[in-house]
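The block underneath contains the structure these notes are about, expressed in structure tokens.
The values are calculated or read from the model by the stated rules, or taken from the named source; none is laboratory data. Source: prediction; values computed, not measured. Cβ: placed from backbone, ideal geometry, glycine included. Neighbour counts: every protein chain shown. The protein model used for the area step is the full one, side chains on, heavy atoms only, and it has no ligands, DNA or RNA in it. Shrake-Rupley method; radii C 1.70, N 1.55, O 1.52, S 1.80 Å.
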Number of protein chains: 4
Amino acid sequence: MRVAVLGTGRIGKMHAENIVKHDRTALAAVFDINRESADALAQQFGVTSAASPQEIFAADDVDAILVATATHTHADFIEQSVAAGKPVLCEKPIDLSLERVNACAQKVKGAGVPIQIGFNRRFDPGHKAARDAAHGGEIGALHQVLITSRDPEMPPRSYYETAGGIMRDMTIHDFDLARYMLGESPVEVFATASRLIDPAMMSEIDDHDTVMIIMTCADGKQCHINNSRTATYGYDQRVELMGSTGMLISDNVSPTQVRRYGKKNANASEPYLYFFIERYEAAFAAEIDAFVDAVAAGTEPSPSFEDGRQALILAEAAYRSLAEKRAVRVEEIA
Amino acid sequence: MRVAVLGTGRIGKMHAENIVKHDRTALAAVFDINRESADALAQQFGVTSAASPQEIFAADDVDAILVATATHTHADFIEQSVAAGKPVLCEKPIDLSLERVNACAQKVKGAGVPIQIGFNRRFDPGHKAARDAAHGGEIGALHQVLITSRDPEMPPRSYYETAGGIMRDMTIHDFDLARYMLGESPVEVFATASRLIDPAMMSEIDDHDTVMIIMTCADGKQCHINNSRTATYGYDQRVELMGSTGMLISDNVSPTQVRRYGKKNANASEPYLYFFIERYEAAFAAEIDAFVDAVAAGTEPSPSFEDGRQALILAEAAYRSLAEKRAVRVEEIA
Amino acid sequence: MRVAVLGTGRIGKMHAENIVKHDRTALAAVFDINRESADALAQQFGVTSAASPQEIFAADDVDAILVATATHTHADFIEQSVAAGKPVLCEKPIDLSLERVNACAQKVKGAGVPIQIGFNRRFDPGHKAARDAAHGGEIGALHQVLITSRDPEMPPRSYYETAGGIMRDMTIHDFDLARYMLGESPVEVFATASRLIDPAMMSEIDDHDTVMIIMTCADGKQCHINNSRTATYGYDQRVELMGSTGMLISDNVSPTQVRRYGKKNANASEPYLYFFIERYEAAFAAEIDAFVDAVAAGTEPSPSFEDGRQALILAEAAYRSLAEKRAVRVEEIA
Amino acid sequence: MRVAVLGTGRIGKMHAENIVKHDRTALAAVFDINRESADALAQQFGVTSAASPQEIFAADDVDAILVATATHTHADFIEQSVAAGKPVLCEKPIDLSLERVNACAQKVKGAGVPIQIGFNRRFDPGHKAARDAAHGGEIGALHQVLITSRDPEMPPRSYYETAGGIMRDMTIHDFDLARYMLGESPVEVFATASRLIDPAMMSEIDDHDTVMIIMTCADGKQCHINNSRTATYGYDQRVELMGSTGMLISDNVSPTQVRRYGKKNANASEPYLYFFIERYEAAFAAEIDAFVDAVAAGTEPSPSFEDGRQALILAEAAYRSLAEKRAVRVEEIA
């Protein structure tokens, strides 16, 4: 499968490398509004640096599209991929506006072109093994899900200005992971969000850096999410599944299994892998795998467009909860 | 200090043993409405089995009272201890009714008789070390507190019938622990509670077996609590403190440090210590220590009567939140 | 059982406290050649400070003897206890000279007075659980035993001068633990010993601070021991049992289960419990238990006098191996 | 760098894949005496399946050779690579006979053609990080090294028949790792070896399945190695470095960080990664890296031919020790 990559920023580059390394995909072309960045990557891998996205959608030697551009272009590029009949793997979120996502959904409906959303965490070997064990009955009935998700460091202010708010930008991964772990969508959301790390900046841009959420399912299953924009000890990514007959924890990953012992500490690991590209290296590769498999088999890719929409609905519910200080029924949003 | 124990059930017995073992306390007398139980314990330790609580309050050779009777008697016995001028260490909760607690508060006010409430978890060496490290600045500013508290097994139905609801009976420990860890009282509470372990019984007695809570402080600090009435892997008691420069976890305690390796598992510990008497053995002993110290020094014991009242206020706020599906301001209750 | 303690140094004091705390023993009297030390302890617990050991051996209200005096007095006191018909629990080693131990063995033979040697580590809950699991078949046939035993800090030079060499003083515990774990005595010993921590002093006093040993059983089972006189991270006491179907590790014990996360470390525990009195607190108490049980039941205490002799035989074999740089058959010594 | 692979068995295939994936190497050709195996691999990667090793040594488009054939061919192929002026990365051991290795050393001496020996474990990120930390002074002076190395499962009998004995075949990795960790060669070796897993077969083929070794350096540093041909809990590969101011452990690697909790276990990981291809995946890739770097820089590759020879010398010393039941000076062999 010859895949073109739209967007050659940090994530786009990583995807391009994964496509090159993958034994069933080849990099077909790249595009970025920053032509220099696209050219550099194109040269590195000996592929075309397209002059426009249209060139890519029209190309016969492009079998599929990977969208890693700025968020506000995602829905457009999904629509154009579908129009061109090319399967598309699009980074999250689909859009920051639920209306735009719904409009996009209408447009691509029935076209039969595979769309996969880049919720990479579903493909983390640890998270997946824990989920599969729980869904396979290893801990009986699932009662509680706890998701801890903390970034190692604050992104620059410019990042926040277009990110759409921490719960649409960062928690959105956890909303999707929650649905994946629960095996269903929560029906109710309660959210709190604080400004603890950089209160001044967070107030100015009307955003938050610290989040806690509780969601409940129709049958009473509970899910807790906590987020922080910093964690000095590395990228903190944990999932805990509590069931009637046991518990599963998918824990953090250290760079090595070296442990240190001295006057101050025993059994100390290094700080965790720094950020998503390192922590979810295997997950990003497996994501490509799943996309290729689904396209080859003609089945719907997962996480699907609808999964992307549902995660955004939970984010919307969370923002309403935050504003109104009450549990919001998801059906109020959807 | 010669201490009399009111109530010779499981917890009263344990306290009596701790008083005997403690190098600065002696067991003075015991009382229980079940005379047989009291006699057996009295005989074991060669002390008086009092015919009535009054006998104990009046006794010259009783310096202090430990109350481990049924909850509905706590406030009365606190009042009588205070009237008798005897320092009292009373098991939690003070009462299931906030009115009764407030009335009791009025009555004992200004008497200058030390009252300590039995929130034993504050004295757990691990929890205390984590708290002291956090409050000493080891993790910078505190941002998030996560408390996991799950009992190993469901108590019998009879227990629930007088327990006053999971959040007044079980979560009350975590409400106090949250205040201890946060170093202040939360101002807002959101609670959910489900019936997942024994839905039929829980519905009949209008109680819950699975709880998730979020509380926030005035400055935005967040606290999550989760409870379950069962945990097959033992008594699950964890605290996580997330700060601006680091994180501290006070983790579970295994019976031994033996780890097992075989075809199915590596690095497996035994299930955790079964329940509070084993898990908090050191804490219960340290609780007596603190009581003796405070009485000797003439300082206010901690956790104080007011700490007991505040924990109940959080439980009341949690129940209102559950009923009204909204974040409840603590000041609405208090 | 009324127990008199001979020797009121650090270990004697600890034993005296355990005897006081134990629910089936009482402290009867104490003796030490340092009269002041004995008097202080006697006063603390309200017991007699005997003017001589003879006074204790003759006393009607002394049911048993605990010997915690200097090593060169152990064999004498064992003999005198036996002559007085009083069961004796004697600290390790029985003596530094195998001849003396053999002579003592002859003398006490057939007297039917219970003698237990203070190899406390057999009673450590973790070590014992691992051993019982292995001997119960949990890891199939036992193939390899690894014992790590490192003291936290160098004792003062004066200590070394009468200690008899690291392998008679420190490794002797591991020789006994090896026999306990293996379930039999090794038939061959190879030992190396180095001067790495304080080479100058070690050379002057002709001792060593760092040891590695391999022992083999008749059927080929192997046992490794390593020792160091210092370990900055605390008292390092580990046992690994490798079998045909699994492995068991009895690992170190931390003061609490607190784990720390920051810029430099993740998952860091505090250094391990500092030394034997803290690390083996439960073991020392269980040792008294076992002694009382054996005396009450009229069975031979374990570890027995012969266990004490066998451990010394392994130490002698180790020293011969060190001198001759070869594997020494234990039968060459015994 | 265009690399040809001699030997397309399990290890040769893995190396071929790594060469393909590596961004500075390309697979040039493959050869195996089993032509079918070579053809299959050649076809998979679109490269030449050479009719003979000579074809490869003579090829202009082959820049370097990777030798992964049967052990008895290693020395020949090293000599032929050197004769052809092609840098060679040869799997361990160089040969089972020290005479042959010495003869080979004579032959290749002074040719200036880079030779690297495939001691992959030096490149394990954890082992390397621990070694670098120790050599960088993090634990003060190094005193003791402990290497645990246990294979998950017995190879078939046919394997043993040409393997040359467990200490030349399996321990040889640990001999090299010991030298790498110690930073120098031990001067004395004591070895024991037993037949515990399959005594009948081991006796018939005069081999052993369970090994324990102690080595000492000139300054008294000590090193323990233990081996077992089976470990039900996975490939057990640990290194412990004990120093004057701390300790470092490079621990085993689990497939994921999932931990399981239930009625029987808490904190249980999955069994360790099954075998060397999984466990040392990163190490095998880094080995290629180091080879390419050394060849490019014109520096001597490490581990060098001499490292390969020294490891065999330690194995020879170990076998002499086993036969003569004494510590063998390495200089007796070399």
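Assess whether B:I139 counts as being more than 14 Å from chain C (Cβ to nearest Cβ) and either in contact with a helix residue (DSSP H, G or I) (Cβ under 8 Å, 6 or more places away or on another chain) or at pLDDT 95 or above (or both).
No; evaluated as a whole, the condition is false for this residue.
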Filter result (more than 12 Å from A:V3 (Cβ to Cβ) and touching a residue at least 24 places away in the same chain (Cβ under 8 Å)) within the stretch A:41-53: A:L41, A:A50, A:P53
Conditions (1) among the charged types (D, E, K, R); (2) in a helix (DSSP H, G or I); (3) within 14 Å of chain C (Cβ to nearest Cβ); (4) open to solvent by less than 10 Å² (accessible area, probe 1.4 Å); number of the one not met by D:R320: (4)
Long-range neighbours under 6 Å by Cβ, at least six apart or interchain, first residue farther than 18 Å from C:Q237 by Cα within the stretch D:242-255, second open to solvent by less than 10 Å² (accessible area, probe 1.4 Å) and in a strand (DSSP E or B): D:S250/A:V258; D:S250/D:V239
Any hit, the stretch B:97-109, residues being open to solvent by 20 Å² or more (accessible area, probe 1.4 Å) and hydroxyl-bearing (S, T, Y): yes
Residue list for the stretch D:111-137, filter: touching an Asp or Glu at 6+ places or on another chain (Cβ under 9 Å) and part of a loop (DSSP other than H, G, I, E, B): D:P114, D:G118, D:F119
Residue count for the stretch C:280-299, restricted to those that are free of Cβ contacts under 8 Å to residues at least 40 places away in the same chain and within 14 Å of the chain's Cα centre (by Cα): 1
Scope the stretch B:106-131; condition among the charged types (D, E, K, R) and at pLDDT below 95; matching residues: B:K109
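Find the residue count for the stretch B:188-234, including only residues that are among the small types (G, A, S) and surrounded by 20 or more Cβ atoms within 10 Å (Cβ to Cβ).
6
Scan the stretch B:305-317 for residues that are of a type outside the set (K, R) and open to solvent by 10 Å² or more (accessible area, probe 1.4 Å) and report the count.
Counting residues in the stretch B:305-317 that are of a type outside the set (K, R) and open to solvent by 10 Å² or more (accessible area, probe 1.4 Å) gives 5.
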Qualifying residue in the stretch D:255-264 (condition: open to solvent by less than 10 Å² (accessible area, probe 1.4 Å) and out of contact with any Gly (no Cβ under 6 Å at 6 or more places or on another chain)): no
Selected residue (only one of C:D293, C:D289 is surrounded by fewer than 20 Cβ atoms within 10 Å (Cβ to Cβ) and out of contact with any Pro (no Cβ under 9 Å at 6 or more places or on another chain)): C:D289
Near pairs, Cβ below 8 angstrom, 6+ apart or cross-chain, from the stretch A:309-334 (free of Cβ contacts under 8 Å to residues at least 24 places away in the same chain and under 17 Å from B:E188 (Cα atoms)) to any residue that is of a type in the set (S, T, Y) and open to solvent by less than 30 Å² (accessible area, probe 1.4 Å): none
Lone unmet requirement of (1) under 18 Å from A:A318 (Cα atoms); (2) within 12 Å of chain B (Cβ to nearest Cβ) for A:P199: (1)
Tabulated pairs, the stretch C:54-66, first free of Cβ contacts under 8 Å to residues at least 40 places away in the same chain, second part of a helix (DSSP H, G or I) and open to solvent by 80 Å² or more (accessible area, probe 1.4 Å), C-beta under 8 angstrom, 6+ apart or interchain: C:F57/C:A83
The stretch D:265-279, residues that are facing chain B (nearest Cβ under 7 Å) and either under 20 Å from the mean Cα position of the chain (by Cα) or not in a loop (DSSP other than H, G, I, E, B) (or both): D:A266, D:A268, D:S269, D:Y272
Number of the condition not met by D:R309 [criteria: (1) touching a strand residue (DSSP E or B) at 6+ places or on another chain (Cβ under 6 Å); (2) part of a helix (DSSP H, G or I); (3) basic (K, R)]: (1)
Unique residue being under 23 Å from the mean Cα position of the chain (by Cα) and either of a type outside the set (D, E, K, R) or more than 10 Å from chain A (Cβ to nearest Cβ) (or both) when the list is B:G220, B:G262, B:G246, B:G308: B:G308
Residue among C:A163, C:A133 that alone is farther than 22 Å from D:C223 by Cα, open to solvent by less than 20 Å² (accessible area, probe 1.4 Å) and within 14 Å of chain D (Cβ to nearest Cβ): C:A133
Residues of the stretch D:265-280 satisfying the condition of being in contact with a helix residue (DSSP H, G or I) (Cβ under 9 Å, 6 or more places away or on another chain) and surrounded by fewer than 19 Cβ atoms within 10 Å (Cβ to Cβ): D:I277
Only listed residue being away from chain D (no Cβ under 11 Å) and under 20 Å from the mean Cα position of the chain (by Cα), chosen from C:G234, C:G183: C:G183
